[in-house]
Amino acid sequence: MSYQNKKIADTAEVLKARLAKLDDKASILRSTELRALYAEIPSLPADERGAFGKEINALKAELEKLVLADQDEQTKLPAIDVTAPVDVNVSADKQPRLLASSEGSVHPLMREIETISDIFYRMGFRVEASRQIDDEYHMFDTLNFPKDHPARDDYDTFVTTEGFIAPAHTSTMQNRMLKKYKANLDSGQPIAVLVPDRVFRNEDLDARHEHTFYQYEGIYVGKQIHAGHLLATLKTFLSEYYQQELDVKTQPFYFPFTEPSFEFAMSCPFCQKKGCGVCSYSGWIELLGCGMIHPNVLKMAGIDPAIYTGFAWGGGIDRLVMMKYNIEDVRHFESGKLEFLRQFK
Amino acid sequence: MKLSLNWVKEFTDVNVPVDELVQKIGAQLGEVESVTDLGEKYKGIVIAKVVECVKHANADKLHVCMIDDGGITKHVKRDSKGLVQVVCGAPNVREGLLVAWLPPGTTVPSTVEKDPFVLESREIRGEVSNGMLASASELGLSDDHSGILEITTDNKPGESFAAAVGLDDHIIDIENKMFTHRPDLFGELGLAREVAGILHKPFESPAWYRKKPATPTPMGKRLPLKVKNELPKLVPRFMAVVLEDVVVQPSPAWLQSYLMRVGVRPINNVVDITNYMMMLTAQPLHAYDYDKVRAQDGSSSTATLVARHPQKGEQIKLLSGKTVLPRPDAIMIATADKLVGIGGVMGGADTEVDEQTENIILECATFDMYSIRRTSMEHGLFSDAVTRFNKGQSPLQNDVVIAKAAEMIVDTCGPSVEFASGYTDLSSYKETAINNKGISISADFINERLGTSLTLKEIANFLQNVEFKILSVPADKKRLHVQAPFWRTDIEIPEDIVEEVGRLYGYDHLPLVLPERTIQPVERNDLLDFQNKLRDILSDAGANEVLGYTFVHGNLFDKVGQDPKNAYQLSNALSPDLQYYRQSLVPSLLERVHPNLKSDRVRGEDNEFALFEINPVHGKDLTDEHGLPIEDKRLGFVFAADDKTSSRKYMGGAYFMARLYAEQLFEEIGITPIFHSAKDHNPKQPISKAAIAPFDKERSAIIKTVDGTFLGEIGEYTAQVRRNLKLPQFTAGFELDVDALYRSAARTSLYTPIPRFPKVVQDVTLRINTETPYGELKQLLDAKLLELQSSQAFIMLGMPRIYQPEDDVHHKHITLRLWVSDYDKTLKAEAVNALLDSLAESAADSFGAERV
């Protein structure tokens, strides 16, 4: 580092030379020379103050860096033989040991994905992973979102400087899944896939909103598949998940990639419709969006919508887990707090 | 979108209770966010006539009024004529006026939500006032508190105020999202039609909406207006008309009431009428001050409106007060010289209609929904017009809407309003684009998709109820040829008709049956199962699974020495904390170490833990054949113990703790790992550089399989990383490639037969050069043992102990324990000793090791 101002350059040299010999390196930052430089600022002509001040700060930053580098050098540990499973001179009672199994935990969201996947496996669904970065083609274009359509506004997506997207829904996998399992249809089998994975929404965090959360996407395509199949499939899954017979109902909704589209609600499994805190005393819990796959979406995957029809849904996993354990704040999930994590086995 | 039940009832009978209607709307139209009973708010407020009005003796600005409420209000003091005394401070109070009277006991409507103010009889400067006479502001109609509200309609004293002005209403607020594709439902007329549809009743739009309007005969001065459309593609229709001699003033109570009920703030009669028509038909209109428009062009005798793009550098000051430099492709409305509005988004401040306005231009145009949306998003401009235009309004209703609006202005805005021009109508839309050719659809098509068994007749009825036209029914009686009405710009394909029929019929009629399936077993996803196995192994070993954010702060890269250039960066991050895609998992785990060590709510005596995460990482250098970023799935692991715990429990480096976990994992998944020193690991690829960056290469290893497949990094972290992230010295971890683990993992366990003869346990200690890596010695001994194993012996090598004498830093002593047994016989000590001798010998040959 070279300094334009002669005085600062000289001081820099003096201080650096002294630093090399000092035991308490940090004391250099409190040296009288450095303080003297700062004290000089007010006496300088106004137009020189800025540049002078900047250089002193640069010098101080340089010294701080040297002090830290030295500190790192001091705290650096000696090399070890990493090809050995144990360190040298370690008595048997001081060897590393695995922590007690009881301390361990699997993240509740991952555990729930396993549970949900298991039910859908039994119902005949394949399970696939989604992506954490994708392109507009899969996130919107293949899902019948026209360019600049206001429907895109409902998905507050994160976008990279290159234009890649952090998917706002697991439907970003729909076109890939339809193509991947298209051959099923030729052999008279349906396409039945579940995609449980992470999605993102560009929204501020609070106890009920996360920008990072998990969804489970279901896709089912076959011959003569109708909206009644969709509702029955979801009802069957939920009744199995909650181990009780549930009622379901729908509200019409709009998604570009399904027609018709629904908002789907189940009767509250926690109070059997009597009304409780979980369902806000309504007896019903709105759970997910779903609908009959739009013919354009099927066409984009090379499936003839005149022969095949199908349904899809996308629901939140975080909410299922929150309701299950009475978790008060969605932010706990990605907090990495042990006091949260260790409560789940 | 707010549905006003009274307004809707002007167009269709609603003969079900409100609760039932709300439920049906929820099930067949969209989510109801709230239902408000406005009548509650106006309970007790009556229309009264000011019979006498005299100045208050003790106050300049007050009047003492005797009012007639038809004698209907109870518990109030009346004079001999049955009149009630009220003190009023409004400048416009006078004899003969019809007013809204708030008797004692009623609540001022504008205060209901916040801090309810209940009126009483009290003395004001010596005169008793029984309640009050209310302004539009106090009634919650508008912001106007310049005087009391004057009721100009033909009402009688004693009538309920709410009923007289339509405020005895229920407002049903329906989620907007539901109507993203329904331009017609942003108007009360469309909502009324839909309500009729879901109640299975036929609906007919009012005559003025269905029939082409008559051409007006300009009666007045004939104010010239020139209109030019330079953007026929983006502005498919532009209509305008000039009206003269308007008197701009606050709207009558009935009009304010309409707007207020659906959430629009009344401004003045002209603007209110444009808003009224918009709230009714979903077609936005705009009113300009004619003379201000003309004045923009200096001494021009003609007012000019042009639809065009902005010129470079042109700015506009909007009605909202904001000045914007519009995007080059925005649709602008200009005079010959100057911009006066952003078409379909917001009008300009310079040509605003105000109390001085005498002549107006009424504009009723259609703008391209995509262009409107882009402009709105880019400039952050949101208005009721944007909400409607960006859903795709039909250009076919402009003529009826402008005619109705002009008629209302003539009727409402002054005694001598006249047309000062005919209608200008610049149309460039194509009739064919508005879906007038119809859709052919069969009952089977609909029933197959809904699971229903509707007849063709039922289907036709549902559709005709909401004014779809049945163009023809082919002879086989299996199909319908239907045409959507012009306002349904969303109906394009047969599936749209399916939705329409299903919804109008009611989805609660759908049969709940499961799809049929064969007993063919479903293939499991082995990779996902494998990841679950990794989770179980580590959690069984006491580790805690963490889920970290996909995005990290740029300064985390600095802290661990990673280069941000290779990381995908978000252009619209919520905060700097979430700006880059992660390049590796370990840094996020390290970030969690300090806060967890500090938190004392879970730990007992030991303050130590192991965290792990399975998630993909991303780097710009990793893309697939389509140019998409590769999801590089990793398993990250970190063990940390605070100084107190580690010094009490452990000797040696934390590396060996991480290694213990790694070996446990490898053992469980059937991989034999080889740990190579990381000293010479200098990868070229940025994503690999990022992975090794936080590790202290002198205390870290690269893990590979026996056949050289790279599995990951393991070790301790540099002093800089420990300082930056406040890590205790006893911190170590690893980052493994999940796909490589999956591919290398053994699918089945290996079995070795169990020897029947007793084992002999023997230790051997070798003294070798300190510099010789244990790994090399081990490899040699393993090879040797493998050779010997073939001679029917079963040999197991235990964990070594390594001793470094203080007085000889050049040598270390490695003690190995062997378990030996033979499949055929009981082993003799000599045989075991011979085995050890041969091991020691080969160690001596290769490394100059001495047996101690």
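We did not get these values from a lab; they are worked out from the coordinates using the rules stated. Computed from a predicted structure; not experimentally measured. For neighbour counting, all protein chains shown are included, and Cβ atoms are generated from backbone atoms with ideal geometry for every residue, glycine included.
Placing dummy labels 7 Å off each Cα toward the beta-carbon, the span from B:GLU40 to B:SER440 is 5.5 nm. Number of Lys-Lys pairs in region B:1-148 with C-alpha atoms under 23 Å apart and a separation of 8 or more places or on different chains: 19. By its C-alpha gyration tensor, with a ≥ b ≥ c as the square roots of the eigenvalues, how is region A:189-345 shaped: rounded for a/c under 1.5, else prolate for a/b larger than b/c, else oblate? Here region A:189-345 falls in the prolate category. Using the Cα coordinates of region B:366-506, the gyration tensor eigenvalues translate into equivalent-ellipsoid semi-axes of 37, 20, 14 Å, sorted from longest to shortest.
Straight Cα distances below 19 angstrom link B:LYS221 to the aspartates and glutamates B:GLU244, B:ASP245, B:ASP289, B:ASP291, B:GLU358, B:GLU407, B:ASP411, B:GLU418, with same-chain residues fewer than 8 positions distant left out. In this structure the amide hydrogen of B:VAL227, modeled in the peptide plane, comes within under 5 Å of the amide hydrogens of B:LEU305, none closer than 5 places in sequence on its chain. Put simply, when A:6-19, A:218-231, A:280-293 are sorted by average Cβ atoms within 10 angstrom per residue, most first, you get A:218-231, A:280-293, A:6-19.
Shown in residue order for region B:814-820 are the 3J(HN,Hα) couplings computed by the Karplus curve 6.51 cos²θ - 1.76 cosθ + 1.60 at θ = phi - 60°: 10, 9, 10, 10, 10, 10, 10 Hz (x for Gly and Pro). In straight-distance terms, cross-link reach from A:LYS94 covers every one of the aspartates and glutamates whose alpha-carbon lies under 17 Å from its own, apart from those fewer than eight places away in the same chain; here that gives B:GLU605, B:ASP606, B:GLU608, B:ASP642, B:ASP643. Counted over the protein assembly as shown with a bin width of 10 Å, the fraction of Cα pairs per bin, in whole percents, is 2, 8, 13, 15, 15, 14, 12, 9, 6, 3, 2, 1, 0, 0. Rounded to the nearest Hz, the phi-derived 3J(HN,Hα) couplings of region B:186-198 under the Karplus curve 6.51 cos²θ - 1.76 cosθ + 1.60 (θ = phi - 60°) are 8, x, 5, 4, x, 5, 4, 4, 5, 4, 4, x, 6, where x marks glycine and proline.
Phi angles of region A:316-328 translate, via the Karplus equation with coefficients 6.51, -1.76, 1.60 and θ = phi - 60°, into HN-Hα couplings of x, 8, 3, 5, 4, 5, 4, 5, 5, 9, 6, 7, 8 Hz per residue; Gly and Pro are given as x. Near B:LEU318, the amide H atoms lying under 5 Å from its own belong to B:THR323, B:VAL324, B:ALA349; only residues 5 or more places off or on other chains count, and H is placed 1.01 Å from N.
Among B:500-507, B:153-160, sorting by the average number of other beta carbon atoms lying within 10 angstrom of each residue, highest first, gives B:500-507, B:153-160. Taking amide hydrogens as placed 1.01 Å from N in the peptide plane, the amide H of B:VAL617 sits under 5 Å from those of B:ASP632, B:LYS633, B:ARG634, each at least 5 positions away in sequence or on another chain. Per residue, the protein assembly as shown reaches -9000 deg cm²/dmol at 222 nm when only DSSP H runs of four or more residues are counted, each adding -39500 (n - 2.57). The B:LYS312 and B:LYS598 beta-carbon pair, evaluated with R₀ = 45 Å, returns a calculated FRET efficiency of approximately 0.20.
Taking all Cα-Cα distances within chain B, those exceeding 34 Å account for 70%. Straight-line reach from A:LYS223: which aspartates and glutamates have a Cα under 15 Å away, not including same-chain ones fewer than 8 places off? Excluding near neighbours in sequence, the set is A:ASP186, A:ASP304, B:ASP444, B:GLU448, B:GLU516. Available extension along the chain between B:GLU806 and B:PHE117 is 239.2 nm, counting 0.36 nm per residue and deducting the alpha carbon span.
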